[in-house]
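FYI, it's all coordinate maths here, none of it is from the lab. No experiment lies behind these values; they were computed from the predicted model shown. Every residue, glycine as well, gets a Cβ built from its backbone with ideal geometry; the counts of neighbours run over all protein chains shown.
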Amino acid sequence: MSTDVTREFAFGLPKAELHLHLEGTLEPDLKLALARKNGVDIGQATVEEVQATYRFNDLTSFLAVYYPAMDVLQDEDDFYALAAAYFRRARANGVVRAECFFDPQAHTSRGIEIDTVIRGYHRAVVEARETGLSADLILCFLRDMSAESALETLQSALPYKHMFIGVGLDSDERDNPPTKFARVFELAREAGLHVTMHCDIDQVGSINNIRAALTELGAQRLDHGTNIVEDPSLVAYARDHGIGLTSCPLSNSFVTKEMKGKEIIELTAAGVKVSINSDDPAYFGGYVGDNYLALAQRFDLGRADLERIARNSIDIAWIPDEQKKAMHARIDSFVAQH
Ligand code: HPA
Ligand code: ZN
């Protein structure tokens with residue numbers, strides 16, 4: 001392997017993380033501690049036992065482990081603790097900007113108030129900002145629940161609109177195309193919220209869902225979305241409209257056995273703004289620095305390649321231009337020192 005990328009470079013390079021599920025940062029030790037605190041029987045008593053349940057080979061089997069784990073999150077302090085732990089790790093991975101997904105319906109459906117969820121996460125966001133990490137929240141709708149439930153969720157979240165900047169769409173894509181949620185995304189856009197959505201890897205109808213997300217639903221970014229390579233006209237559309245892709249190599253290799261590095265390289269060369277992210281780092285074996293490093297090692301990418309990916313992540317972040325300029329300047333000085 002001849003890559004000049006060291007661990008120090010991959011982790012230290014200033015970057016934005018734009019595809020990160022806060023619920024996917026629930027590490028086994030915090031899960032056990034919260035289970036004990038809240039008297040929730042999760043069926044395991046050690047970190048190793050919890051880790052042993054993290055077995056999946058596709059999106060559906062992953063989600064079957066992922067959602068039940070959330071039972072340990074009960075009060076505002078629990079949501080705060082989860083997000084605060086992520087922000088500590090993000091800083092150690094060179095993250096200067098974090099736009100974090102959360103799934104309110106995964107909690108309201110088990111009797112937790114949306115107020116509890118948003119206030120807990122937001123408290124950690126405010127604290128992260130005080131330490132110099134630019135951070136915001138993105139509310140995701142669960143696509144395997146109904147469009148009506150998504151609408152109710154948006155309505156119940158709008159009183160907290162100052163606490164999140166956009167909406168997304170996640171969970172199981174099979175039989176749940178983005179067009180199912182056309183109305184809720186239209187209302188979100190009218191409310192001034194940014195719009196992104198998951199177009200997961202190698203789904204039945206991936207390319208049709210990508211086309212609808214871009215041309216009918218007003219998606220500004222695609223989460224995963226690398227199946228766009230199947231249609232050169234959509235690749236050109238993404239390039240021309242500055243549509244960002246938030247790719248997650250380690251996550252991809254869990255749910256499909258491939259990092260999709262070939263697609264990431266092809267799309268970057270075509271001028272599409274592809275970023276690298278960690279998705280659900282507690283489940284997929286690493287945080288964002290690990291993702292940069294793994295991709296570089298597996299596909300023999302150099303420092304200049306990772307620099308380009310990090311600059312893409314800043315360019316497609318939902319922040320004002322002055323903030324982007326300042327973050328690019330941080331990349332300039334990091335690269336000059338390395
Ligand atoms: N895809 C769909 N749903 C998810 C994901 C994902 O990558 N991560 C957490 N929920
Ligand atoms: Zn995701």
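Remarks
- Scattering curve values for the chain, log₁₀ I(q)/I(0), Debye with Cα scatterers, q = 0.08, 0.13, 0.15 Å⁻¹: -0.34, -0.96, -1.32
- Pairwise FRET efficiency - Ser109 versus Arg129, Cβ, R0 = 30 Å, nearest 0.05: 0.50
- Surrounding net charge for Ser275, when Lys and Arg each add one and Asp and Glu each subtract one, Cβ distance under 14 Å: 0
- Local electrostatic count at Arg298 - Lys and Arg +1, Asp and Glu -1, tallied over other residues with Cβ under 11 Å: 0
- Relative to one another, the C-alpha centroids of the stretch 1-31 and the stretch 245-322 are positioned 10 Å apart.
- Look at the alpha carbon pairs under 8 Å that are at least 6 residues apart: their mean separation over the length of the chain gives a relative contact order of 23 percent.
- Net charge dipole, the chain: roughly 780 debye, given to the nearest 20, about the Cα centre with Cβ charges of +1 for Lys and Arg and -1 for Asp and Glu.
- Gain on full stretching of the segment that runs from Asp75 to Ala147 - 0.36 nm per residue minus C-alpha separation: 23.2 nm
- Pairs over the 22 Å Cα-Cα cut-off, from the set Lys15/Lys273; Lys262/Lys325; Lys161/Lys325; Lys15/Lys260: Lys262/Lys325; Lys161/Lys325.
- Translational D in µm²/s for the stretch 3-112 (Stokes-Einstein at 25 °C, 0.890 mPa s, Kirkwood Rh from C-alpha pairs): 159 µm²/s
- Candidates per trypsin sites (Lys or Arg not before Pro) in the stretch 78-132, loop by DSSP, up to 13 other Cβ within 10 Å: Arg110
- Peptides 164-172, 42-50, 68-76 ranked from most to least packed by the mean count of surrounding Cβ atoms within 10 Å: 164-172, 68-76, 42-50.
- Potential lengthening between Ser233 and Arg308 on full extension [0.36 nm per residue; Cα-Cα distance subtracted]: 24.7 nm
- Estimated FRET transfer efficiency (Ala329, Ile165; beta-carbon r; R0 25 Å; 0.05): 0.60
- Estimated from the Cβ-Cβ distance and a Förster radius of 41 angstrom, the FRET efficiency linking Ala336 and Glu266 is about 0.90.
- Mean ellipticity per residue at 222 nm, deg cm²/dmol - from DSSP H runs of n ≥ 4 across the chain, formula -39500 (n - 2.57): -15000 deg cm²/dmol
- Computed from backbone phi with θ = phi - 60° and the Karplus coefficients 6.51, -1.76 and 1.60, the 3J(HN,Hα) list for the stretch 59-72 is 4, 5, 6, 5, 5, 5, 8, 5, 5, x, 4, 6, 4, 6 Hz; x is used for glycine and proline.
- Full extension of the segment from Thr53 to Leu158, taken as 0.36 nm per residue of separation minus the current Cα-Cα distance, would add 34.2 nm.
- Electrostatic bookkeeping for Arg221 treats Lys and Arg as +1 and Asp and Glu as -1; over the other residues with beta carbon under 10 Å from its beta carbon, the sum is -1.
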